[in-house]
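Structure, as structure tokens:
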Amino acid sequence: MLGALSNDKPSAIFRLKATITPEEAASMPGVNAELGISIEPIEAVEQQLQQMRQQPGASNNAMVVAQKQQSPSAQGALQFAERTLQSLFDYAMSFATRPDASMGAFGSGAAVQVLPVKAFEDWYNNFLRKIQRGDL
């Protein structure tokens, strides 16, 4: 445990002490870090913090390198496709409008939403730029 947040202390900065050298980190491309969050009653958290403070010489600020999990390329491609399509959906739906009577048959009260083509064009161009920069 690094520390705690509560209504009385809603934010904090927790410093981490690396257990690997920078040279070791440089030789491990694609290393993942994991963060665990536990929601517990305040009494239990206060007790854990008290115990943590009473342990002399105990290192409570340690960073542990997570083991990289190898996933099949098909699973990686599936996850990439899901994230990409979710991004497109979220972006496009932010421009969705309900048609009005001036739109002819679409304005007849049907449960329809209209998406401007420009929203798709902008998303696609931004997506291509991210790929070219290597951000994806």
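In what order, largest first, do ILE37, ILE131 sit by accessible area if the probe radius is 1.4 Å?
Result of the area sort, largest leading: ILE37, ILE131.
Using a 1.4 angstrom probe on the protein heavy atoms only, line up VAL117, VAL112 by accessible area, largest first.
Most to least solvent-accessible, the answer reads VAL117, VAL112.
Hey, if we sort GLU40, GLU82 by accessible area with the 1.4 Å probe, largest down, what's the order?
Descending accessible area places them as GLU82, GLU40.
Evaluate the distance, in nm, between pseudo-label points positioned 7 Å from the Cα of GLN132 and of ASP90 along their respective Cα→Cβ axes.
2.4 nm
The values are calculated or read from the model by the stated rules, or taken from the named source; none is laboratory data. Bear in mind that the values here come from a model prediction, so they are computed numbers and not experimental data. In this analysis, Cβ positions are derived from the backbone assuming ideal geometry, glycine residues included, and neighbour counts consider all displayed protein chains. Heads up: the accessible areas ignore ligands, DNA and RNA and are worked out on the full protein's heavy atoms, side chains in. Shrake-Rupley method; radii C 1.70, N 1.55, O 1.52, S 1.80 Å.
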